[in-house]
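Here the structure is laid out as structure tokens; the discussion comes afterwards.
A short reminder: the numbers here are calculations on the coordinates, not readings from a lab. Fair warning: this is a prediction, and the values are worked out from it, not measured in the lab. Cβ placement follows ideal geometry from the backbone for every residue including glycine, while neighbour counts extend to all protein chains displayed.
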2 protein chains.
Amino acid sequence: MFMATHSSRSRIPHPTLKDVAALAGVSSGLASMALRGVNGPSENTRRMVLAAAEELQYRGNATASLLAREHPRLLGVTCFLDRDLDADIVDHLYVEAERLGYELVIGATTPSHSLQASLEMLAANSCEAIIAVGPQNPEECLSKISSRIPVLAIGAIPENRQGVSSVHIDDRLAMKLAVDHLVKLGHTDICHVTGGSGYSSSERKTGYEIAMRGAGLDKEIRIIEGGQTEEAGVEAAQVFLLGSAPTAVIAYNDACAIGAMTEARKLGYSVPDDLSVVGCDDSRASRIAYIDLTTVSQDREDLACQALRRTLTLIKDPNSTRTEYKSAPQLIHRSTTGPQHNRGKQPNSCASRE
Amino acid sequence: MFMATHSSRSRIPHPTLKDVAALAGVSSGLASMALRGVNGPSENTRRMVLAAAEELQYRGNATASLLAREHPRLLGVTCFLDRDLDADIVDHLYVEAERLGYELVIGATTPSHSLQASLEMLAANSCEAIIAVGPQNPEECLSKISSRIPVLAIGAIPENRQGVSSVHIDDRLAMKLAVDHLVKLGHTDICHVTGGSGYSSSERKTGYEIAMRGAGLDKEIRIIEGGQTEEAGVEAAQVFLLGSAPTAVIAYNDACAIGAMTEARKLGYSVPDDLSVVGCDDSRASRIAYIDLTTVSQDREDLACQALRRTLTLIKDPNSTRTEYKSAPQLIHRSTTGPQHNRGKQPNSCASRE
DNA sequence: TTGTAGGCGTTATCAG
DNA sequence: CTGATAACGCCTACAA
């Protein structure tokens, strides 16, 4: 059998529905129905069409289909590419979307490609709704675009963001779990490193404060300005380890916690002996054996399912009211937290020990 | 001024080009040209159209545009969501694409959404070409789809993958840099942990072998089957640390290196005193201060630029021959490699020390 | 069960 | 410089 050496892509255009219909000897309308599996065409017709499609290696043109359909069944997703939490969520979104007969198209948010740009792109491309995954710091653009197309955020959103529904973990509860975990281990001197200026950061901060008060530790509340990166954690540690160091620290997220832990160890503190560290998110990094960070997990599957369910509701009734769903977080006890030994807050001279 | 309390999205459909043209008092064809900024319309007409578009809050329908244009100027990108190397590359792709007037749409590859599925989706959605980022293990689907649409892989591809061009680091050179670095530090007992069955893994293995021979270390060549994850690194370490442990190890990538390093430390080896560890990719994880892994970096910007340049060439001439570009890697010396002390290969009883 | 025809919103071609 | 008009490929009444 001979095969073409050059695939002459440029010469023979892709076969269209009309070609398939012609080969099958039916009209293109019928062929369309047969291909989509809706009922109407007879069994015989369906077979003919499928055979023709197979023979011609027919591939539908999704763009044309999108334009013609009234319900494109296409959802836009914006996410960051370097956050494994987002990756897990998107993975679950794919599963749910497939189950519900929806297609997903992704607009990535990167340093050079803003959330705004992703949203515009998705809105222009016939998406029926947009699911924005991750900490949406310039949330204004979510509100803005939500007047054109339903938007649901996975991640906390201020209540006054009109039109944008959200699905996220209960940030306050997450911090309460962390505080209670440490209290149970005997800690009282527990400080919190914030995640900067975002909304979920302020929620977690509030949750920490409430939990501390709930544990009768009003006087011990100590808040350090931080951020969502490892570097922010490093800088925060340099602050809270000066003077009277706490025996435990709860960071806004895992990255920040890892940074703080790194710096603490570098300064001679042993984790968890001298300092217990708790992160948040249960990121991939937190699970690295060498890090093995105690953290508060987000249930990715729950978030994805709820997000999709609610997004479809928004599509059906665009005027339905904004909703908010708080998923229950869970404490994951790993090796960076331990009992309070109460043996002083001075760093050891020896860097680390088992 | 009154504002609608409910954004009645469902009631008023988005304004179309025709609406804009009507308001501006011109034909839709003219309006289209004015909006796109091509020359033809008079300055006055252009202003009228722009004003009308502004007033109606007109947003073009990208789907319709895609269908009508002969050159959609749309590129599909497949990538993994949890690999920060890919994230960096995509970031640079966005920059280059914008510069060249192309739009990017992303199809993510996740555990539940195969590369195949992403490719099909992108091909069906009027992309002019697809750039596949990352280690494409089931590369067959790249070849298959390349008969329908130009495909360029960022990452090594076997030579017999017809139709698929590739842009990637020089894997063999990368391993040579690692070997030479270690040799310069006095190491001779250098083993390599592979990345599993992929093509770039076999290239790196070969590169390691060649470099070892080049350094006169034929007898010292020692290869351990590994993988691309931290877990694989852990398992590999359990193997190569049994019996006579090497003084240095080069892993397929950073994740694998980190796993191996973790396990080595857990078993009582000090890094880099007892064991030097080199990764590959210069991933975000490798830069974490607490890990600070010596590695071989990939120039993300170079990869992205070359990929885009070559992709456009493929689009212009689909019958042009497959090309391969090897980007120069660079050794990043961090703190997991050090001089060979030659003080025996037995693990210390003390876990670690400064 | 099947064919026909009109439309989705743009772009592109051609006369005027 | 401008305005009809025909694609683009598919979906979907509606009619047969």
As a Kirkwood estimate from alpha-carbon pairs, chain A has a hydrodynamic radius in angstrom of 23.1 Å
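Convex hull over the Cα atoms of segment A:176-251, averaged projected area in nm²?
Working: hull surface 18.4 nm².
Value for segment A:176-251: 4.6 nm².
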What is the spin-label model distance, in nm, from residue A:180 to residue B:210 if the labels are put 7 Å beyond Cα along the C-beta direction?
6.0 nm
Unit Cα scatterers, Debye sum, segment A:207-354: log10 I(q)/I(0) for q = 0.11, 0.12, 0.14 Å⁻¹:
-0.50, -0.57, -0.72
From the phi angles alone, apply the Karplus equation (6.51, -1.76, 1.60; θ = phi - 60°) to segment B:247-253 and give each ³J(HN,Hα) in whole Hz, x where the residue is Gly or Pro.
9, 8, 9, 10, 9, 3, 9
Measure nothing fancy, just the Cα-based angle from helix B:300-316's long axis to the longest principal axis of chain B, in degrees from 0 to 90, nearest 10.
50 degrees
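Using only the Cα atoms of segment A:1-144, construct the convex hull and provide its projected area averaged over every direction, in square nanometres to one decimal.
Values: hull surface 51.3 nm².
Average of the hull's projected areas for segment A:1-144 equals 12.8 nm².
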What is the mean number of Cβ atoms from other protein chains located within 10 Å of the Cβ atom of each residue in peptide B:81-94, rounded to a whole number?
6
Which value, in Å³ per residue, describes the convex hull spanned by the Cα atoms of segment A:301-340?
83 Å³
Label spacing, shortest first and in nm, from residue A:333 to its equivalents in the remaining copies (7 angstrom along Cα→Cβ):
4.6
Output the Cα-based Rg and Dmax of segment B:6-60 in Å, rounding Rg to one decimal and Dmax to a whole number.
11.7, 41
Give me the angle, in degrees from 0 to 90, between the Cα long axis of helix A:115-124 and the longest principal axis of the Cα atoms of chain A, rounded to the nearest 10.
20 degrees
Measuring from centroid to centroid over Cα atoms, what is the spacing of segment A:232-250 and segment A:195-221 in Å?
16 Å
Given the rotation that superposes chain B on chain A, what residue of B brings its beta carbon nearest the axis, and what is the distance in Å?
B:106, 2
Residue (of A:131, A:71, A:243) at the positive-pole extreme of chain A, dipole from beta-carbon charges
A:71
Mind giving me the FRET efficiency for residue B:239 and residue B:302? R0 is 35 Å, r the Cβ-Cβ distance, nearest 0.05 is fine.
0.50
May I ask for the angle, rounded to the nearest 10°, between helix A:84-99 and the longest principal axis of chain A, with both axes built from Cα atoms and the value confined to 0 to 90°?
30 degrees
Direction-averaged shadow area of the convex hull around the Cα atoms of the protein assembly as shown, nm²?
37.1 nm²
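Would you mind counting up the charge near residue A:123? Only other residues with Cβ under 11 Å from its Cβ, with Lys and Arg at +1 and Asp and Glu at -1. Kindly include the intermediate steps, with their values, before the conclusion.
On the way: positive: A:144, A:148, B:59; negative: A:120, A:128.
Net of charged neighbours comes to +1.
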How large is the helix-only mean residue ellipticity at 222 nm for chain A, computed as the sum of -39500 (n - 2.57) over DSSP H runs with n ≥ 4, divided by its residue count, in deg cm²/dmol to the nearest 500?
-12500 deg cm²/dmol
Would you grab the residues whose amide H sits under 5 Å from the one on residue B:327? Only those 5+ places off in sequence or on another chain, please, with H modelled 1.01 Å from N.
B:168, B:169, B:170
In order through segment B:258-267: 3J(HN,Hα) via Karplus (6.51 cos²θ - 1.76 cosθ + 1.60), integer Hz, x for Gly, Pro
5, x, 4, 4, 4, 5, 4, 5, 5, 7
Other copies of residue B:144: label-to-label distances in nm, shortest first, labels 7 Å along the beta-carbon direction
4.3
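Could you tell me what percent of the DSSP beta bridges with both partners in chain A are antiparallel, to the nearest 5? Please list the in-between numbers first.
Working: 4 of 39 bridges.
Expressed as a percentage, antiparallel bridges in chain A total about 10.
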Mind checking which aspartates and glutamates have their Cα closer than 18 Å to the Cα of residue B:18? Skip sequence neighbours fewer than 8 apart in that chain.
B:54, B:55
Amide H neighbours of residue B:193 under 5 Å, counting only residues 5+ apart in sequence or on other chains, H built in-plane at 1.01 Å?
B:224, B:250, B:251, B:252
Karplus ³J(HN,Hα) for segment A:47-53 (6.51 cos²θ - 1.76 cosθ + 1.60, θ = phi - 60°; Hz, whole; x = Gly/Pro) runs 4, 4, 5, 4, 5, 4, 4
7 Å along Cα→Cβ for the label point: how many nanometres lie between residue B:225 and each equivalent label in the other copies, listed shortest first?
5.5
Please list, or write none, the lysines whose alpha carbon is within less than 24 Å of the alpha carbon of residue B:326, excluding same-chain residues fewer than 8 places away.
B:144, B:176, B:205, B:316
Simple spin-label estimate for residue A:39/residue A:68, 7 Å along Cα→Cβ, in nm, reads 2.3 nm
What is the mean number of Cβ atoms from other protein chains located within 10 Å of the Cβ atom of each residue in peptide A:253-260, rounded to a whole number?
1
